[in-house]
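The values are calculated or read from the model by the stated rules, or taken from the named source; none is laboratory data. Every value quoted in this text rests on a predicted model; they were computed, and no experiment measured them. Neighbour counts are summed over all protein chains in view; Cβ atoms, including those assigned to glycine, are modelled from backbone coordinates with ideal geometry. Ligands, DNA and RNA are stripped out before the accessible areas are found, and what is left, the full protein with its side chains, is counted by its heavy atoms. Shrake-Rupley method; radii C 1.70, N 1.55, O 1.52, S 1.80 Å.
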Amino acid sequence: MSEQKNGEVRIGVYVCHCGANIADTVDVKAVAEYAATLPGVVIARDYKYMCSDPGQELIQEDIHNLSINRVVVAACSPTLHENTFRGAAERAGLNPFFVQMVNIREHDSWVHSDREAATEKAKDLVRAAVRRVYFHKPLEKRRVPIHSEVLVVGGGIAGIHAALTVANSGKRVYLVEREPTIGGHMAQYDKTFPTLDCAACILTPKMSAVKAHPNITLWTYSEVVSVDGSVGDYKVVVRRKPRYVREDLCVGCLQCIDTCVFKEPKFDDEFNLGLSKRKPIYIPFPQATPKVVVVDPEACIQLKTGKCKKSCLEACVERGAIDFEQKETYEEIHVGSIIIATGFQTFDPRRLPQYGYGRYPNVYTTLEVERLVNASGPTGGQVVTRDGRIPKSVGIILCVGSRDENTNRWCSRVCCMTSLKLAHLIKEHTGAEVFIFYIDMRAAGKGYEEFYQRVLNEGVHFVRGRVAEITDWALDPSEEGKLVARVEDTNTGFVRRIPLDMVVLAVGLEPQPDALNVQRLFGIGCSLDGFFLEKHPKLAPAPTYTDGIFIAGVCHGPKDIPDTVMQAGYAAAEAIALADTGYFELEPNTAYVVEEECSGCKSCIPLCPYQAITFNEEKKKAFINEVLCKGCGTCVAACPSGSIKQNLFEDEEIFSEIEGVLAYAQ
C-alpha cells in the first residue's frame, strides 16, 4: 500500500451479524479477526445489529477514543444504510465520506450456502474496502435553493389528490391534464368497490375543489412539451391546445351544442367509449371540470372547410366565447418539484381474438359495462345488449391481458374486485344469471373478502378455469342465438359449454402508450413492464432517481383507488417537505473535468443520460453541471483522454479496491 496522503490513516472495521441474515452463512467473528490484521486497521469489531443505536455508538466511541479517521462497515446494501453510517461518523466529527460500506449480505450471505467459502469471500471484500478507504478524500455536499411551486402532471384521482394536498399547504400548484377535463378513469366508473360508493359523488367534489382552489392553476387540454433544469428549479414549457372556446367567457350553458348544425350526434363519444355519439362541439360529461365546451377540429365543418353557417357562434354572440381563430399557446413556468400521475390504459382485447371482442357485438370490456350501468351512461343505466335485449345470462372472464406470458405477466390487481362489483350490479340491474370465469380470486384489501362472500351468497356462479374461446357456433338448440363460452372447469375436470347473452372481459392495466416519451421528457426510469420506476420499492415508492420528481398512481404500477390516493398523498408530502426545507443537498459523488487534460472532443456530451455535460466554446472544454450530474460514471469511462474524474471513484480508489479483492491470488 502506498504512502497515505491525508495524514496518518487509522481504520476501524465493523462487521454486522444482521441478526441471522449474515451470521448464519458468514463467520463474522473470523472476518473481524482477519480485518484486524490488515495494514492501517486499528480496531475491528463485530456486532449483532450494527445499524442500531448501540452499534452506531460503538463507531462513534472509537472515533473519539481511538482517533479513527476511516470507517469500513461490512453489513447490508449501501442503499439501505450508507446514510446511517455516514451520519454516525459525522456526529462524531468525522467527514461522512471517509466511510465505506461492504455489502456482505446481498453479495455474499444471501447468494451462497457454503459457509467457509462465504467467509473467505467476506474477507476479500473487507480487504478491498480497507485498501480503498485509505484513499478517500473529505467531500462536502452542496445545497441548491428550491422553488416552492409544484407541477402535477395528470388530472386523474392521483393528480387531483396530490394537487389539493400540496395546495392546502399553501404552495402554488400547476395541474396539467391533456384531456378537456380532469377526472381520469374514475370519472367513468359507476360505483367503487367494496363499499359501492357512487364514484361521481366522491370524485366530483374534489374536482370542483381543484377548480375553485386559489393556489391551483388548472390547465386542461394541455401537455408538457419540455423540461429543463434540475431539482429546485425546473423550467417547464406547457403547450395549451386550442379548444376554440374561451375558458374565461364560457359559462357552460350548452346552448352552442343545442344549436349546432348537426341536429343529431354523429361522432363517437370518447367518454362513453364509442357506446354513444356526440356532436362536433361537446362537453365530455355533465360534471366535467372545467365546465367548458370543446370543439373537435376533426369533426367541425367550420374548422375543416370554413363553410358552416356557425349557428353555435350566433347562440353565443352575447358572450363571444366561441373563437374559431384560437391558436395553441405556450406557457413557461418554474417549479421546484414535479409529481407525475399520468395513469394507465386498459388492455385492448382485440389482441386475444379467441374472446371475440370486436367480432361479436355483445362482447364488452369491464370499462364499457361501467358506462352501461351508470345512470348518466349511454343507456341511462340500463344494462342491455347492442340489439336492445336485457341479458338473461352474463359471463365475466378474468385475467384478460394479465398474468399471461403472451400478453402481460403482471397481475392488474383490480380485475377480481371490479368483476365482483359488476357481477353484483348486473344482477341488481337485470336479474341475470352471472358466471365468473377465474384462475383464482384475489380479494386482498379492507372489506374485500367480505364483499367476495356477499357476491357469492347472491348466487353468482364461479367457474375455475381459463376460457378457451367465445364462439357463436351452436351445438344444440339451447345455444342458438347466443355466445358460448368453452371452458375447462378445473374443479370438476370437465370441459363445459355455457351459453351466454353477454360476455364481459376483465381487461388488465397497461402503461400509457406514450410512457416512454414521458420517461425521456422527465428523465426518469421505467421498469421492465413499462411502468415508471420508483427509487426504492419499499422505502421510497414515490420518489424517482431524478431528484425532485415523484410518481403517483397507476403510472407506477397497477393499484386500486385507495392505494392510488395513499401514494398521491405520499408524493405530495415529499414535495411539500422539499419546498419547506428550502434547499436540497446534492451528493458529492459527481464527475468533473480536468480542463488541462480535456481535448475538447465532445465525445462525452451525447453519452450523458442526464444532459449534464455542455461544451464551453470559449475554453473549448467540456463542462459538467454538478447539479444535473447523478454520478453514473458513463462519461468517466468513455473519456478518451481520461480527463474526466469522479469524486468517490478516483482511479487510485478503484485500483486499490481491485488489488484488494484479488490479493488472495498473489
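Can we say residue 226 is among the small types (Gly, Ala, Ser) and more than 15 Å from residue 181 (Cβ to Cβ)? Break it down into steps so the answer makes sense when it comes.
Working: among the small types (Gly, Ala, Ser): yes; more than 15 Å from residue 181 (Cβ to Cβ): yes.
When the stated conditions are applied, residue 226 passes them.
When the stretch 276-295 is filtered for residues that are assigned to a loop (DSSP other than H, G, I, E, B) and open to solvent by 40 Å² or more (accessible area, probe 1.4 Å), the ones remaining, listed by number, are 286, 287, 291. Under the condition of being aliphatic (A, V, I, L, M), modelled with pLDDT under 95 and open to solvent by 60 Å² or more (accessible area, probe 1.4 Å), the residues counted in the stretch 236-273 number 1. Among the residues making up the stretch 225-282, those that are aromatic (Phe, Trp, Tyr) and under 34 Å from the mean Cα position of the chain (by Cα) are 234, 244, 267, 271, 282.
Among the residues of the stretch 387-414, which ones are in contact with a Pro (Cβ under 6 Å, 6 or more places away or on another chain) and either surrounded by fewer than 18 Cβ atoms within 10 Å (Cβ to Cβ) or within 22 Å of residue 487 (Cβ to Cβ) (or both)? Quick ask: steps written out before the conclusion?
Filtering the stretch 387-414 for residues in contact with a Pro (Cβ under 6 Å, 6 or more places away or on another chain) gives 400, 412-413.
Residues satisfying the conditions are 400, 412.
With respect to the conditions (1) open to solvent by less than 40 Å² (accessible area, probe 1.4 Å); (2) out of contact with any Gly (no Cβ under 6 Å at 6 or more places or on another chain); (3) touching a residue at least 40 places away in the same chain (Cβ under 8 Å); (4) not in a loop (DSSP other than H, G, I, E, B), residue 645 lacks only one, and its number is (1). Filtering the stretch 474-498 to residues that are surrounded by fewer than 17 Cβ atoms within 10 Å (Cβ to Cβ) and outside any strand (DSSP E or B) leaves 474, 475, 476, 477, 478, 480, 481, 490, 491, 492, 493. Taking the conditions (1) surrounded by 14 or more Cβ atoms within 10 Å (Cβ to Cβ); (2) within 21 Å of residue 510 (Cβ to Cβ); (3) in contact with a Lys or Arg (Cβ under 9 Å, 6 or more places away or on another chain) in turn, residue 369 satisfies each one other than (3).
Can you name the residue in the stretch 169-201 that is among the β-branched types (Val, Ile, Thr) and not in a loop (DSSP other than H, G, I, E, B) and is also farthest from residue 330 (Cα to Cα) among such residues? If we take residues in the stretch 169-201 being among the β-branched types (Val, Ile, Thr) and not in a loop (DSSP other than H, G, I, E, B), then 192 is farthest from residue 330 (Cα to Cα).
Restricting attention to the stretch 436-470, the residues being in contact with a His (Cβ under 9 Å, 6 or more places away or on another chain) and assigned to a helix (DSSP H, G or I) number 3.
Listed conditions (1) open to solvent by less than 60 Å² (accessible area, probe 1.4 Å); (2) closer than 30 Å to residue 541 by Cβ; (3) of a type outside the set (A, V, I, L, M) are all met by residue 351, apart from (1). Somewhere in the stretch 512-527, is a residue under 12 Å from the mean Cα position of the chain (by Cα), among the charged types (D, E, K, R) and either modelled with pLDDT of 95 or more or open to solvent by 20 Å² or more (accessible area, probe 1.4 Å) (or both)? No: the stretch 512-527 contains no residue that is under 12 Å from the mean Cα position of the chain (by Cα), among the charged types (D, E, K, R) and either modelled with pLDDT of 95 or more or open to solvent by 20 Å² or more (accessible area, probe 1.4 Å) (or both).
Name the strands (runs of 3 or more DSSP E) wholly inside the stretch 510-603 in which the number of residues that are out of contact with any Phe, Trp or Tyr (no Cβ under 6 Å at 6 or more places or on another chain) and within 20 Å of residue 233 (Cβ to Cβ) is 1 or more. Can you show your working first?
Details: elements: 549-551, 583-586, 591-593.
The strands (runs of 3 or more DSSP E) meeting that bar are 549-551, 583-586.
I'd like to verify a number: residues in the stretch 415-434 that are open to solvent by less than 20 Å² (accessible area, probe 1.4 Å) and closer than 24 Å to residue 489 by Cα, how many?
Residues of the stretch 415-434 that are open to solvent by less than 20 Å² (accessible area, probe 1.4 Å), as a first pass: 415-417, 419-426, 432, 434.
Next cut, closer than 24 Å to residue 489 by Cα only: 415-417, 419-424, 426, 432, 434.
Looking only at that region, the number is 12.
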